[in-house]
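In what follows, a single structure is set out as structure tokens and then discussed.
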Amino acid sequence: MLSTKFSKMTKEEIDRKWWEIGDFFRRNSLWMLMYCTGCCAIELPPAMTSAYDMERLGMGPMATPRQADVLLVTGYLSLKTLRRLIYTYEQMSEPKYVVGFGSCTINGGVYHDSHAVINQLNQYIPVDVYVAGCMPNTEAVMNGFVDLMDLIKSKKANGWKDYHERYDWYLANQKAALGEVRVHDEFHE
Amino acid sequence: MTNSMNNVNYVTNLVENSFEILKTEVVNKNQVSFIVEKATVHGLLTFLKTAGWIQLSYLSAVDWIEENQLELVYIVFNWEKPVYIQVRTRLDREHPEMASILPIYPGCQYYERETHEFFGIKFPGNPNHEKQLILEEWDDMPPLLKDFDPRAYSDRKFAKREYSNDFVNLNGQESKQKKREERRAYIKEVRKGGKK
């Protein structure tokens, strides 16, 4: 048995090291799930294609929630959409991050007094990065992604842990706005 | 027919000869509106469907709160003659009810559900008209009626973000002129490669 530097580490330290290694790879290959609910989604095509070329940050689109790392919520969320968004968020495998686009996810934006649209996204699911603007510039969107990578590097992108810890609080908010989170429609019965 | 105005005249003559129309309005060369009694609607729509207006394009309502009435609007379309026909009728606002047109236009299924949800109009004859469609688990009065207050509902239901300051005061800041000049001097110096 070699007595290396690693064998003297406690289990916690080794776990932390592995997480750091994992975070390094995760932040350099973020698969994003685009939940294009509102008009901010129009900023994604220039960000993804050759104009700003998201691929150089290692980001790419992913088709299913279970394989994605980042959930992009681009714009306003009606109550009907919020239900499906919570379903989607809970299906994603951990660690998972959420980026909220535009003023609608921050404080309701131009829909602040609408009966159909929620005002603050982080009441219902944890949000790691907000990109402000109505709509945000594509530069701002790219900057938001870089910010997210920095947060993952400095271990501050802990929204998904917060969702575990304060699940009761999130659930209470979801129930206050939605009545019931379960979807009852033709396709779920 | 080459002249499209002829289409409108053709429709107006066709309908006015066979039905009692309260008011005819030509919206433009592609659209005519007929205001009829509630009892005439089904007969008129059946007649129009036989005459070629086979597609129900839209069905919705208008809230005339001062007259205490709700107006139903059916819009039908013909693929041979480019004329939209609106059939409008007024309902009582307190207990709005209208027999479903499901046997005439089966496509009205979802429109009737939507109209029931947003205006509270009942459509007996459509077995699904009370099923929720867009507003799930709705707990208030129908939201597109004029006496519904969306802001009060939003304030009651959704948490608002609180800000400590309403505004940022940009007056009375220090002048940045000196910093700018320093930066310019630095840039000049760098351009020379650091040589004085």
Which of the residues spanning segment B:83-98 are under 19 Å from B:Thr50 (Cβ atoms) and assigned to a loop (DSSP other than H, G, I, E, B)? B:Val83
Considering (1) surrounded by 13 or more Cβ atoms within 10 Å (Cβ to Cβ); (2) part of a loop (DSSP other than H, G, I, E, B), say which one A:Arg26 fails and leave the rest. (2)
When the residues of segment A:82-93 are filtered to those that are under 21 Å from A:Lys156 (Cα atoms) and of a type in the set (Ser, Thr, Tyr), which remaining residue is nearest to the other protein chains (Cβ to nearest Cβ)? A:Tyr89
Residues that are more than 10 Å from chain B (Cβ to nearest Cβ), in contact (Cβ under 8 Å) with a residue 24 or more places away in the chain and at positive phi: list the helices (runs of 4 or more DSSP H) wholly contained in segment A:94-189 that include at least 1 such residues. A:102-107
Please work out which residue is surrounded by the most Cβ atoms within 10 Å (Cβ to Cβ), limiting yourself to segment B:95-142 and to residues that are among the small types (Gly, Ala, Ser) and on the phi < 0 side of the Ramachandran plot. B:Ser100
Options B:Glu137, B:Glu80, B:Glu112; residue that is touching a Phe, Trp or Tyr at 6+ places or on another chain (Cβ under 8 Å) and either of a type in the set (Asp, Glu) or away from every other protein chain (no Cβ under 14 Å) (or both): B:Glu112
Find the strands (runs of 3 or more DSSP E) located wholly in segment B:3-67 whose residues include 2 or more that are out of contact with any Ser or Thr (no Cβ under 8 Å at 6 or more places or on another chain) and crowded, with 16+ Cβ neighbours inside 10 Å, and list them. B:55-64
Can you list the helices (runs of 4 or more DSSP H) found entirely within segment B:103-196 that contain at least 1 residues being closer than 18 Å to B:Tyr58 by Cβ and among the charged types (D, E, K, R)? B:108-119
For segment A:149-170, what are the residues that are surrounded by 14 or more Cβ atoms within 10 Å (Cβ to Cβ) and within 20 Å of A:Gln91 (Cβ to Cβ)? A:Ala157, A:Asn158, A:Gly159, A:Trp160, A:Asp162, A:Tyr163, A:Tyr170
Given the criterion surrounded by 10 or more Cβ atoms within 10 Å (Cβ to Cβ), hydroxyl-bearing (Ser, Thr, Tyr) and under 22 Å from A:Val110 (Cβ atoms), identify the matching residue among B:Tyr153, B:Tyr163. B:Tyr153
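Only the coordinates and a few stated rules stand behind these numbers; no lab work does. This structure is a prediction, so every number in the text was calculated from the model and none was measured. Please note: Cβ atoms are built from the backbone with ideal geometry, for glycine as well, and neighbour counts cover all protein chains shown.
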